[in-house]
1. Which of the peptides 43-53, 21-31 is most tightly packed, and how do the rest follow, going by the mean number of other Cβ atoms within 10 Å of each residue?
2. Sort the following peptides by mean Cβ neighbour count (other Cβ atoms within 10 Å, averaged over residues), highest first: 175-182, 206-213, 112-119.
3. In 5 Å bins starting at zero, report the fraction of Cα pairs in the chain per bin as a rounded %.
4. Add +1 for every Lys or Arg and -1 for every Asp or Glu among the other residues with Cβ under 10 Å from the Cβ of ALA5, and state the total.
5. Using only the Cα atoms of the range 108-202, construct the convex hull and provide its projected area averaged over every direction, in square nanometres to one decimal.
6. With a Förster radius of 35 Å, plug the Cβ-Cβ distance of ASN25 and ALA92 into 1/(1 + (r/R0)^6) and report the FRET value to the nearest 0.05.
7. Given the chain, what percent of its DSSP beta bridges are antiparallel, to the nearest 5?
8. Taking a temperature of 37 °C and a viscosity of 0.692 mPa s, what whole-number D in µm²/s does Stokes-Einstein yield for the range 1-58 with Rh from Kirkwood over alpha carbon pairs?
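Values in this text are rule-based calculations from the coordinates and carry no lab data. Fair warning: this is a prediction, and the values are worked out from it, not measured in the lab. Glycine also receives a Cβ, built like all others from the backbone with ideal geometry; neighbour counts cover every protein chain displayed.
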Amino acid sequence: MSQAAIQFKDVVKSFGRQIILDSVNLTIKAGKTTVIAGPSGQGKSVTMKLILGLLRPDSGQILIGGQDISRMRGKALNGIRTKFGVLFQGSALLDSLSVFANVALPLEERTKLGREEIRERVLTTLAQLGLTGHEDKYPAQLSGGMRKRVGLARALMLHPEIMLFDEPTTGLDPENSLEIYKLFLETQKKFGYTSIIVSHDIPKVFNLADQVILVNKGKFTTFASPEDIQQSELPDIQAFVQYTMGKIYLSREIE
C-alpha cells in the first residue's frame with residue numbers, strides 16, 4: 001500500500017461566516033495522481049493554498065509526509081515547501097527571460113550548482129519534454145501548449161516529490177489539452193512524483209486519475225474511478241455528474 005504523501009484530518013477553513021472546508025478528511029497517496037474537481041467557488045484553490053501552507057486551517061491537521069504544517073512557520077515551513085513543484089494556471093513564465101533562463105531560474109536561486117551543471121540539467125529536462133531547439137525563444141514566441149511544457153520543465157528542476165497543477169489546460173484547445181495530459185502521464189511515470197491536479201476539464205482529466213476528489217458545499221467525497229462517481233446516490237454528486245459527464249461515461253487510458 002502506498003504511503004500517504006498528504007493527509008487532511010478534520011480540516012476546517014472559513015472566511016467570515018462562509019465555511020469553505022467543513023471538517024474535511026482526505027488522503028493523497030505517494031506516487032499517485034489525484035484529481036480535485038467540483039463546481040466553481042467550492043474550495044479547490046483554497047485546498048491548494050492549504051497544502052502549500054499559504055493559508056492556515058481554522059482547526060484540524062494538514063500532514064505532509066507525516067509532518068503537520070498547519071502551525072509551521074519560517075524555515076520549517078519553507079523546508080516542507082521544497083518538496084513541491086507547482087504548474088500555475090498561466091504557466092507564470094517571465095516574459096523578459098528566454099526559455100532556458102526561465103527553466104534555469106530555480107537552480108540559480110536555490111542551489112549552488114555551477115554554470116555548466118545548470119546548463120546540462122536544463123538542456124536534459126528540455127529534451128525530455130520535447131523542447132530541444134526552443135531554449136533561446138521567449139514566452140511570447142511560444143504556443144499555449146509549449147508554454148505549459150516550459151512551465152512544467154521549470155517546476156521539475158528541483159526534483160519535487162509532489163507536483164501541483166492548477167487548472168493546467170486553461171486556454172488550450174481540445175487537441176493541445178490532450179497533448180498536455182499525455183505529457184503529464186508520461187512525466188509522472190518517468191519521475192514518480194505525487195501528482196495533484198485541480199481542474200474543471202471534466203471528464204477528460206479523470207483519465208489521468210488514480211483517485212478523484214469531488215469538492216462540494218464544504219465536503220470532500222473520494223472516488224476510485226469516474227464510474228464510481230456516476231454510481232453515487234448523493235443528490236449533489238448526481239447533479240454534478242449530469243452537468244459535467246452526462247448519463248453515460250466510461251473512463252479510458254490516454255494512449
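1. Working: 43-53: 20.3, 21-31: 18.2.
Descending packing order for the listed peptides: 43-53, 21-31.
2. Details: 175-182: 16.9, 206-213: 20.6, 112-119: 11.6.
Order by mean packing, descending: 206-213, 175-182, 112-119.
3. That works out to 1, 6, 13, 16, 18, 16, 13, 9, 5, 2, 0, 0, in percent per bin.
4. On the way: positive: LYS29, LYS32, LYS83; negative: GLU161.
Charge balance in the 10 Å sphere: +2.
5. Values: hull surface 26.7 nm².
It is 6.7 nm².
6. Values: r = 31 Å, r/R0 = 0.88.
The computed FRET efficiency comes out at 0.70.
7. Working: 20 of 37 bridges.
Counting only bridges with both partners in the chain, antiparallel ones make up about 55 percent.
8. Values: Rh = 12.3 Å.
Translational D for this selection: 268 µm²/s.
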